[in-house]
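Taking it in order: structure first as C-alpha cells, then the write-up.
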Amino acid sequence: MTYQLVATAASGIEAITGKELKDMGYEVQVENGKAFFKGTTTDIIKTNLWLRTADRVKIVFGTFTAKTFDQLFEQTKALPWEDLLPMDAAFPVSGKSVKSTLYSVPDCQSIVKKAIVDRLSNFYSRRARLPETGAEYPIEVSILKDEVSLTVDTSGSSLFKRGYRTEKGGAPIKENMAASLIKLTSWFPDKPFYDPTCGSGTIPIEAALIGLNIAPGLQRSFVSEDWSIFPEGEWKNLRDEAKMQANFDVELDIMGTDIDQNMIEIAKRNAAKAGVEDFITFKQLALKDFSTDKEFGVIVSNPPYGERLDDQDYVENLYKQMGQVFRPLETWSKYIITSDLNFEEFYGQRATKKRKLYNGRLRTDYFQYWGKRRPRNKD
C-alpha cells in the first residue's frame, strides 16, 4: 500500500529536508515546514532511519474542509481507520487550530477521537469501549483556515533525539538543526571541519555521522515499530541494511574545541555513545588561540547569542575574536549562526550570504563567509 507521507521540519529547514528526500529518490513537494512525498511501509522505515534534518515522519490520513463540528465528525468517521488501526490500538489525539472557524482545540480533539471510536467500534463489532491496550498510533488534527489535516505520527519522539546525547551543555543545539547547518555548507568529507564553540559536541558528531554515512536513527526506537501494517522483520532487515552502509574506512579531519574543559569531556562521551569518537579530535582551547596551516576547510559555529544582558559584552568580544582569527583564513569557509543581527559589525566583515533560520522558537541568521575555491587541476 502507498501512503501520503509528510516529513515535518523547522521553519527555514524544509527545503533541506526536501533535498534529502530527493537524494533518496522521492518526488517531493515542499511547503512551509513540510516536505510531502509518497511511500510504502519500507519508505516509512527508511526515512525515519535516514533523515538527518526532519522532525518527524507522518502519514497524512485525510484532508478536508470543515467549518462545523458535524462536518469534522462525519468526514473523520468516513476515513478507513481500520486500514491502519487494529482493534486494540491506543490512539491519543493532539490538535492545533489556526485562523479557523473551529478554534477550540480540545473540542476538535474530542470530536475526532469520538469519530474514530465510532468507526472502529462498527468495524470490529464492539459494543463496549475499545481497549486501547495495544501499540500507540499518535493522531493529530491540524486545522488551518478551515482546512483539516489528520496525520498519524510514525516517529514518536522527534527525530532530533538520536540517542547519543547523554549530557547537554548550556544552550545545546538540536541534532537535526546541527545536521542542517552542515548541509548548508560547502563541506565534503575530504575537507577539514572545525567547530570552535563545540559545547557538548553535537555539530562535530553530526559531521562525523554524515562523513561516515551512518544513519542517524540507528540507535533509537520509533513508535511505529509495533504497528501491524509492517511485514514481520521489516524494521530489523532495514536496520541491518542501514548498518551495512556505514563506511568506517573514510579518513575524516574533524575537530571541536571549547573554552570549557568540562564541555570537552561531555563531548567526548557523547561521541563515544554515537560510535564516532575515533573520528573527531576534541580539545579545550580558547577561540582566540586557534590557528591552522590547513587549507580549504569549513568552520561551523553556534556561539553563545548574548540573549541575557550580562552576557552581552562577553559575546560581542567573542564575535570580534572570531573576525580576528577567521578573517585571515582566506581559503576557509566560515558559517556562524546567531540571533544577534549586528554580528557582522563585531566580526568586522559583511557576510557573503545570510539565511534566516529558527533555532527552536528563536529567530536566528546563519552568516556565511565563503572561502576561496581550490584551483582546478589543469591536466
Report task. Could you please let me know if Glu330 is among the acidic types (Asp, Glu), open to solvent by 90 Å² or more (accessible area, probe 1.4 Å), part of a loop (DSSP other than H, G, I, E, B) and out of contact with any helix residue (DSSP H, G or I) (no Cβ under 8 Å at 6 or more places or on another chain)? Result -> yes
**Report entry** Residue among Gln219, Gln261 that is under 14 Å from Gly199 (Cβ atoms), touching a residue at least 12 places away in the same chain (Cβ under 8 Å) and either surrounded by fewer than 18 Cβ atoms within 10 Å (Cβ to Cβ) or in contact with a helix residue (DSSP H, G or I) (Cβ under 6 Å, 6 or more places away or on another chain) (or both)
**Finding:** Gln261
Report task. Answer yes if at least one residue in region 300-319 is touching a residue at least 60 places away in the same chain (Cβ under 8 Å), under 21 Å from Arg373 (Cα atoms) and either part of a helix (DSSP H, G or I) or open to solvent by less than 60 Å² (accessible area, probe 1.4 Å) (or both), and no otherwise. Result -> yes
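Residues Pro204, Pro196: which one is more than 16 Å from Lys19 (Cα to Cα) and either out of contact with any Leu (no Cβ under 6 Å at 6 or more places or on another chain) or open to solvent by 10 Å² or more (accessible area, probe 1.4 Å) (or both)? Steps first, answer last, please.
Values: Pro196 fails: either out of contact with any Leu (no Cβ under 6 Å at 6 or more places or on another chain) or open to solvent by 10 Å² or more (accessible area, probe 1.4 Å) (or both).
Of Pro204, Pro196, the one residue that is more than 16 Å from Lys19 (Cα to Cα) and either out of contact with any Leu (no Cβ under 6 Å at 6 or more places or on another chain) or open to solvent by 10 Å² or more (accessible area, probe 1.4 Å) (or both) is Pro204.
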Report summary line: Among (1) free of Cβ contacts under 8 Å to residues at least 24 places away in the same chain; (2) over 17 Å from Ile44 (Cβ atoms), Thr185 falls short only on (1)
**Report entry** Evaluation of Phe279 against (1) open to solvent by less than 20 Å² (accessible area, probe 1.4 Å); (2) under 30 Å from Leu218 (Cα atoms) (one fails), failing number
**Finding:** (1)
Query raised in the report: Looking only at residues in region 133-171 that are under 16 Å from Ala54 (Cα atoms) and basic (Lys, Arg), which one is surrounded by the fewest Cβ atoms within 10 Å (Cβ to Cβ)?
Result: Lys161
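Go through Ser221, Ser200, Ser155 for me and flag whichever is of a type in the set (Gly, Ala, Ser), outside any helix (DSSP H, G or I) and touching a strand residue (DSSP E or B) at 6+ places or on another chain (Cβ under 6 Å).
On the way: Ser221 fails: touching a strand residue (DSSP E or B) at 6+ places or on another chain (Cβ under 6 Å); Ser200 fails: touching a strand residue (DSSP E or B) at 6+ places or on another chain (Cβ under 6 Å).
The unique qualifying residue is Ser155.
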Query raised in the report: Within region 15-22, can one find any residue that is under 28 Å from Glu136 (Cα atoms), of a type in the set (S, T, N, Q) and more than 12 Å from the chain's Cα centre (by Cα)?
Result: no
Query raised in the report: In region 343-379, how many are of a type in the set (Val, Ile, Thr) and open to solvent by less than 60 Å² (accessible area, probe 1.4 Å)?
Result: 1
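Within the group Phe290, Phe248, which residue is crowded, with 16+ Cβ neighbours inside 10 Å, among the hydrophobic types (A, V, I, L, M, F, W, C) and out of contact with any strand residue (DSSP E or B) (no Cβ under 6 Å at 6 or more places or on another chain)?
Numbers: Phe248 fails: crowded, with 16+ Cβ neighbours inside 10 Å.
It is Phe290.
The values are calculated or read from the model by the stated rules, or taken from the named source; none is laboratory data. For clarity, every value in this text was computed on a predicted model and none was experimentally measured. Here the Cβ is made from the backbone with ideal geometry for all residues, glycine too, and neighbour counts use every protein chain on show. In case anyone asks, the SASA skips ligands and DNA or RNA and just uses the protein heavy atoms, side chains included. Shrake-Rupley method; radii C 1.70, N 1.55, O 1.52, S 1.80 Å.
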